[in-house]
Structure formats: structure tokens, C-alpha cells
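The values are calculated or read from the model by the stated rules, or taken from the named source; none is laboratory data. Everything numeric here is computed off the predicted structure, so don't read it as measured data. Here the Cβ positions follow ideal geometry from the backbone for every residue, glycine too, while neighbour counts run over all protein chains shown. Protein only, heavy atoms only, side chains kept; ligands, DNA and RNA dropped before computing areas. Shrake-Rupley method; radii C 1.70, N 1.55, O 1.52, S 1.80 Å.
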Amino acid sequence: MQLQTDLPLVNSNLYVALRAGFPAAHDAIAVETEDGLCYSWRDLERASAMLANLLQALNLPAGARIAVQVDKSVEAMLLYLATLRAGFVYLPLNVAYQSSEIEYFIGNAEPAVVVCTAKNFGWVSKIAFRAGTQYVFTLNNDRTGSLLERAVQCSDRHRPVKRRANDLAAIIYTSGTTGRSKGAMLTHGNLLSNAEVLKDYWGWRKQGEGADVLIHALPIFHVHGLFVAIHGALLSGSKMLWLSKFDPKWVMERLPRATVFMGVPTLYVRLLAESGLNSTTTRNMRLFIAGSAPLLIETFSQWQSRTGHTILERYGMSETVMLTSNPYFGDPLQRRGGTVGFPLPGVSLRVRDEEGRSLPTGQIGGIEVKGPNVFKGYWRMPEKTAEDFTADGYFRTGDVGKIDELGYVNIVGRSKDLIISGGYNVYPAEIEGYINELPGVAESAVVGVEDADFGEVGVAVVIAKPGASVDPIAVIGSLKSKLANFKIPKRCYVVNELPRNAMGKVQKNVLRLQYSSEAGR
Ligand code: MLC
Ligand code: AMP
């Protein structure tokens, strides 16, 4: 008899593995919110079962995308878990996105289901139904909305749908350097392999071993808050102190009861401004993790002297989840500021020059990676996917760096024209496209300049058409209705000409230097 090879023999559904990490004491608290609401492990299992049953009852096609643009809430996390359980593809969208951005994502991903807040239902549902979406539900951050109203009518028992490791679990949109955003397709296997590696590498403590308590303060529509933080806590059965948004005061209040914190550098900068931050308030903490953007050495050192803790910096991407990390075990001084540590177990990382030659230790070049965590490709962009992988299967990250003599990876820049502001990516080409369409604008250049709070912020430099006059305040104002707020340049200058090289290309490095110093004036 022939074996049916198209059926998975074991269930590689990520939820099955996460669920196996839940502690035996199902009544123990799994999540506690800032307003004192507590969810037990049993609650997580049952509520995600109800939501999964609802999704399954909709008779969606295989591989259906569930696009979600809602404020952070525990129920939003449950919807993510339910999507995994039901075998569909989760597509989280930043709440800051405006209608033209949402129109693109929905048009490109063609989700079968869209979940949005009740306040956005009018415009989001219009876009979704026009694009062929079958169902639009609402979910608010006060546990109301049509999604939960429907889910409470469903059974709280659900068996996770069988999925292969190579099946899609999520699509994370990440902006493109030239055109529009690209959807990075991540599989159940990508996400689980990474979560398992991090569980060991960062020494997550299971219940019964002096269990970890994570302060979850990051948004859950990007890999840092959604995958790295949530998978880490669930897989190790660790409680989460859940914050609907980052507020340094809320974090300070919770530090004495917590053991793990994850943040983008801006979160650390803002916490350092809290006078109560010291070795006493952080005495029970075992690990502070930073990533998503470069952590300044000043922040790293100030944290050490104020708290006695050495921040562990790691490096990752939407396309790969986590790639490298400073070591957790051993002497904390082996966590070296200004570096992102070593390739994680299973990750191959190399540095190559533009001709594709591998570079020796200490030489700077493009960072390329391979491993079970590396994504399947860009959604419906086979050419772009092929372009970004080498012939021998390495993914070109677009980050520029070196491996030092001790094996630590150092990121020194990016070959992609990208601004990382407070941990969010902003692609100048996208902003310039919008500015160039404004009346009276001939050309524009958006560059990232240093910022004490966000690390980097965007500045727009604009040239007016001959005879036209352009008001910089109006430029910023008109972008606000079109783009997510974190993408709006913090300043705009109207100038007569842009610096160019011999080929006529705008010299963004020159602009960056010029406008960094403008900021200081
Ligand atoms: C908010 N604003 C920003 C901004 N966040 N401006 C630039 N960059 C940002 N990141 C602006 C808003 O537009 C608004 O301006 C004003 O700041 C206040 O808005 P807010 O919403 O109240 O801001 P706040 O709550 O203070 O948010 C700041 C923040 C947030 C740092 C807490 O940006 C954040 O949570 N960042 C984390 C991003 C993240 O998780 N990245 C991980 C990506 S995954 P105005 O003018 O409208 O008032 C990844 C891979 C990896 O990169 O390796 O992890
Ligand atoms: P995203 O596309 O939002 O996933 O952002 C991924 C990018 O963030 C990477 O390609 C890096 O450029 C950057 N990044 C992530 N972590 C770090 C870090 N620790 N240091 C410097 N850059 C980082």
C-alpha cells in the first residue's frame, strides 16, 4: 500500500508545542493585565479554542489569511493563538496604519477575514469587502466586539489542526526599499525552531524552577512582541505581566515582581529617565533583553551602572525572527555592548563583499544568513524572493557588519535605505513617494538623523518646483492623514538643491550629517 505523503504524520502546528509548555497547574495565572485582570493557563486554552472553533466554522479556504488591526489586548493574543490552532495564517497590522496603507495590505494579502476595532469598522470593512474579504469582525481592547460575541457561542474544546513544519503560520509585512511592503512568509517550523533555541539560549525558567515572569510591554504586531516575547513565555510556562502599551511608570511598578524584560532601545532610554530605577527595584530581574534597533553603548553602560544588570543585545528581522544573541550563561561581562553576540545555534551567518566573496574576520560586508528560522519567501513576490537569496540558499539581510576576532557579530550599518525609529522601520522611498505627489514639490529626500529618544528620526528635505512655494508645515500636515504616525518626518526643510554625486544621485550621507547638526542648533 502506498503511503499518503501529503498528510503530516506528526502535528507540527506551533500551538501544539506552545501548549506543551503550559504548566501542569492550569489554574495558575498565565497573564495579568495592568488593570488587574488575570487569565489562567486554562483560560488561554479555552478562549483560544473558542476563537479557533469560530474561525473553523467559517469554512475558509486552506491557507486563508486572518488580517488583524486592533489595539494590544490579551484577546488579540488569543486570536493569534486561535489562528495557529485553526491552521490559518495570521497577518498582524500596526494600529497606526492609515487607510491607504491598509488598502495596500488587504489588497495584496487578500485575507478571508479581517478583524479591526469598532471605531475603524466603517472604513476598514469598506476596503476589505471591496477586496473580496468574506468576514469583517470587530475586537476592542475592552473585551467587546463582534468577534468575541460570536466566539462565546462556540465550544471551548478544540484539537489543533494538523500542520506541517513547512506550512505558513504568519505573514509579517516589512517595507520594501523601492516599492511597497513585502509580506514575509513564516512557517510553523520557522517560529517553533527559533522559540526553542531561545528558550535554551536565554535560560527561560519553567514553572517549578523559580519560574520566570515577563513584563510584556511591546506591541504585538511585530516579531519582537508577538513571537520573541509571547512564544518565550508560553513555551516555558512563564507568567506575563501584560501592558497594553509601554509606560515607564507601569514597568517600574512591576520590575520588583518580574524576572525578564524585553524592549527596543527607546524603552531602555525612557526607563533610565525614571529616578526609581536602581539595583533594588531590579533585584529580582535575571535578564534584560534589547533589540530591533542598535543599542547605544551609553545606554548599555548607564544601565549597568544604575541597575548592576548587563543588557543582553540580540539581532533579528521579520524575515528570520532571531539570528544572533549575546550569551546569557557564563559571566555577564561576556555580553558585549555594541555587538549583537553570536549566531544562534542552527543559524549560519557569513559576511560577504558585493562580489559574493566571503570576508575574513574583522572585515565589513553584507550579512547573509541561513537556518531553520529563515522565512519561506515574500508573499506573491517570487522575483524579489529570488533576488534576496544567494544561489546556495543564504538570505541577504541588507545589514552591513563584521565578525570580530572573538566571534561576536557587529552591525555597522545597512545597505538598505532604512530608518529605524523607536524600533519601527521607516522606508524613505515610501515617504518620498508621498511627498513628491504634493502640489508644488519637485523632489524630496528623507533621511534618518540621530535622536536621543527614538535613536533615529526621519527628516524630509524638499525642493519646490520652479515658481512654486512649499510650506514645510503643510508637507508634514498632509502626510499625517496618509501615513502611520511613526513614519511622519519629525522635521521638514525646503531647500534650493540637494547634494549629489557625479552620477547625479542624492548623497543621503551628506544630508544626514547636515541635518543631524541642524537638530542640535
Ligand atoms: C511613536 N511615535 C514615534 C514612534 N512611536 N515616532 C517615531 N518613531 C516611533 N517609533 C510618535 C507618534 O507619531 C506621536 O507623534 C508621538 O510619538 C506619541 O505617540 P505614542 O503612540 O504615544 O508613542 P509612544 O507610546 O511613546 O511610543 C513610543 C514607543 C513605540 C517607543 C513605545 O514606538 C514602540 O512601542 N516601539 C516599539 C516598536 C517595536 O516593537 N519594534 C519591533 C519590530 S520587530 P505625534 O506627532 O503624532 O504626536 C524587529 C525585529 C527585531 O524590528 O529584531 O526585533
Ligand atoms: P524589521 O524589518 O522590522 O524586522 O527590522 C529588522 C532590522 O532591524 C534588521 O534588519 C536590522 O537592521 C535591525 N535590527 C534588529 N535588531 C538589531 C540590533 N540589535 N542592532 C542593530 N540593528 C538591529
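Listed values, structure above:
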item	result
Residues satisfying the stated conditions in region 99-124, i.e. under 23 Å from residue 170 (Cβ atoms) and either in a helix (DSSP H, G or I) or touching a residue at least 60 places away in the same chain (Cβ under 8 Å) (or both)	101, 102, 103, 104, 105, 106, 107, 108, 109, 120, 124
Hey, residue 76 assigned by TED's automatic domain parsing to the domain that holds residue 151, crowded, with 16+ Cβ neighbours inside 10 Å and within 30 Å of residue 215 (Cβ to Cβ) or not	yes
In region 212-234, the residues that are open to solvent by 10 Å² or more (accessible area, probe 1.4 Å) and more than 17 Å from the chain's Cα centre (by Cα)	213
Within region 289-310, tally of residues that are within 15 Å of ligand 1 (Cβ to nearest atom) and more than 20 Å from residue 330 (Cα to Cα)	7
Residues that are buried (at least 22 other Cβ atoms within 10 Å of the Cβ), within 16 Å of residue 312 (Cβ to Cβ) and more than 16 Å from ligand 2 (Cβ to nearest atom), drawn from region 192-211	204
Condition check for residue 354: touching a residue at least 12 places away in the same chain (Cβ under 8 Å), surrounded by fewer than 17 Cβ atoms within 10 Å (Cβ to Cβ) and over 30 Å from residue 447 (Cβ atoms)	no
Set 380, 396: member being part of a strand (DSSP E or B) and basic (Lys, Arg)	396
In region 151-189, the residues that are within 21 Å of residue 111 (Cβ to Cβ), surrounded by fewer than 18 Cβ atoms within 10 Å (Cβ to Cβ) and charged (D, E, K, R)	180
Of residues in region 411-437 being in contact with a Ser or Thr (Cβ under 7 Å, 6 or more places away or on another chain) and assigned to a helix (DSSP H, G or I), the one surrounded by the fewest Cβ atoms within 10 Å (Cβ to Cβ)	436
Selection count, region 260-312, where residues are over 25 Å from residue 206 (Cβ atoms), of a type outside the set (Gly, Ala, Ser) and within 16 Å of ligand 2 (Cβ to nearest atom)	14
Those residues of region 383-407 which are surrounded by 15 or more Cβ atoms within 10 Å (Cβ to Cβ) and over 23 Å from the mean Cα position of the chain (by Cα), in sequence order	402, 403
Among the residues listed as 82, 67, the single one being at pLDDT 95 or above and over 21 Å from residue 378 (Cβ atoms)	82
Every residue from region 254-275 that is open to solvent by 30 Å² or more (accessible area, probe 1.4 Å) and more than 16 Å from ligand 1 (Cβ to nearest atom)	256, 257, 275
Failed item, numbered, when residue 338 is tested on (1) at negative phi; (2) at pLDDT 95 or above	(1)
Check on residue 89, surrounded by 21 or more Cβ atoms within 10 Å (Cβ to Cβ) and within 17 Å of the chain's Cα centre (by Cα)	yes
Residues of region 17-59 classified as over 28 Å from residue 247 (Cβ atoms), part of a loop (DSSP other than H, G, I, E, B) and open to solvent by 20 Å² or more (accessible area, probe 1.4 Å), total	5
Residue in region 244-253 that is more than 30 Å from residue 190 (Cα to Cα), without any contact (Cβ under 8 Å) to a residue 40 or more places away in the chain and away from ligand 1 (no atom under 16 Å from the Cβ) present	yes
Conditions (1) open to solvent by 50 Å² or more (accessible area, probe 1.4 Å); (2) in contact (Cβ under 8 Å) with a residue 12 or more places away in the chain; (3) part of a loop (DSSP other than H, G, I, E, B); number of the one not met by residue 10	(2)
Region 57-70 residues that are at positive phi, paired with ones that are of a type in the set (A, V, I, L, M, F, W, C) (beta carbon under 9 Å, 6 or more apart)	63/88; 63/89; 63/168
Within region 390-414, considering residues that are charged (D, E, K, R) and within 22 Å of residue 184 (Cβ to Cβ), the one nearest to ligand 1 (Cβ to nearest atom)	399
Where residue 327 falls short, out of the listed (1) within 19 Å of the chain's Cα centre (by Cα); (2) open to solvent by less than 20 Å² (accessible area, probe 1.4 Å)	(1)
Among residues of region 279-321, those that are open to solvent by less than 60 Å² (accessible area, probe 1.4 Å) and farther than 23 Å from residue 211 by Cα, counted	16
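Table: residues versus (1) touching a Phe, Trp or Tyr at 6+ places or on another chain (Cβ under 9 Å); (2) within 29 Å of residue 103 (Cβ to Cβ); (3) within 13 Å of ligand 1 (Cβ to nearest atom); (4) among the aliphatic types (A, V, I, L, M).
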residue	(1), (2), (3), (4)
453	no, no, yes, no
456	no, yes, yes, no
462	yes, yes, no, yes
466	no, no, no, no
475	no, yes, no, yes
479	yes, yes, yes, yes
495	no, no, no, yes
502	no, no, no, yes
509	no, no, no, no
